[in-house]
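Take a look at the structure set out below.
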Amino acid sequence: MTSDTISLIANLALTLSFIVALVFGVAQVNAASRDRRERLTLETLRSFQTREFAELLHYISIHTMPSTGKGMEHLPSNERIIIIQFGQKMESLGMRVAERLIDIDLVDKTLGSFVTTAWEKYKKMFLDLRETQPDPFLGEYFQWLAERIDERMKKSPRKPFYEVGPHSS
């Protein structure tokens with residue numbers, strides 16, 4: 001064997017090693033991304049199944065929201081806290097969907113139209129606070145999520161699982 005042949009074989013081996021390492025690295029990154037997304041999905045599902053979240057949903061369902069920041073100030077502290085906490089939860093949920101950490105299908109299947117109904121209750125107050133604070137970003141992800149859910153429900157409402165079974169898309 002000549003030194004040229006040995007060099008060629010060595011270069012091929014290095015190139016092959018690099019390609020194998022690159023493919024393996026990409027596979028590892030994809031697996032880590034899937035694991036993170038799955039973990040966040042499960043964490044989100046668990047947060048929907050708490051008594052605390054049920055209490056927030058109940059409160060938002062039966063109460064009228066104040067339409068201004070000033071109206072918020074007239075509520076008892078515990079009610080303001082509930083309104084703020086639910087708003088923060090929806091904002092966080094919207095961020096997770098926007099950043100593609102969880103899929104919007106999860107929100108659609110678990111909360112569905114409640115997201116849009118809740119946004120409609122919060123909308124006047126948030127729009128007022130965006131101007132009076134001023135904080136143009138207040139509730140931006142909550143609003144975005146509600147608008148996306150509303151679009152989905154209007155354009156292509158999903159069928160109930162009991163009608164389509166596990167093999168639907």
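The values are calculated or read from the model by the stated rules, or taken from the named source; none is laboratory data. What you are looking at is a predicted structure, and each value in this text was computed from that prediction instead of being measured. Positions of Cβ are generated from backbone atoms using ideal geometry, with glycine treated the same way; all protein chains shown enter the neighbour counts. The accessibility values were calculated without ligands, DNA or RNA, using every heavy atom of the protein model including side chains. Shrake-Rupley method; radii C 1.70, N 1.55, O 1.52, S 1.80 Å.
Observations on the model:
- The chain - mean residue ellipticity at 222 nm from DSSP helices (-39,500 (n - 2.57) per run, n ≥ 4, rounded to 500): -26000 deg cm²/dmol
- Matching label, mean projected area of the Cα convex hull in nm² computed from the structure shown, candidates (1) 11.5; (2) 9.7; (3) 16.5: (3)
- One Cα centroid belongs to segment 98-169, the other to segment 42-58; the line between them spans 16 Å.
- Extended-chain gain in nm, criterion 0.36 nm per residue less alpha-carbon gap, Phe161 and Gln88: 23.3 nm
- With all protein chains in place and a 1.4 Å probe, the accessible surface of segment 1-140 carries 59 percent carbon and sulfur.
- Working from label points 7 Å from Cα in the Cα-to-Cβ sense, the Met1 to Glu79 distance is 8.4 nm.
- Kyte-Doolittle mean at least -1.0, axial Cα span of 24 Å or more - DSSP H helices of the chain: 3-48, 77-98, 113-132
- Extension gain (nm, one decimal) between Leu42 and Glu147, 0.36 nm per residue minus Cα-Cα: 35.4 nm
- Violating pairs (Cα-Cα greater than 23 angstrom) within the set Lys89/Lys155; Lys89/Lys123; Lys70/Lys121; Lys109/Lys155; Lys109/Lys154: Lys89/Lys155
- Ordering Phe142, Pro166, Leu129 by Cα displacement along the dipole of segment 59-169 toward the positive end leaves Pro166 in first place; charges were set at the Cβ atoms of Lys, Arg (+1) and Asp, Glu (-1).
- The chain, relative contact order [Cα under 8 Å, separation at least 6], %: 25 percent
- Surface per residue (accessible, 1.4 Å probe) for the chain, Å²: 69 Å²
- Within the full protein context, the accessible area of Thr64 is estimated at about 130 Å² for a probe radius of 1.4 Å.
- Ordered from highest to lowest accessible area with the whole protein assembly present and a 1.4 Å probe, His63, His74 read as His74, His63.
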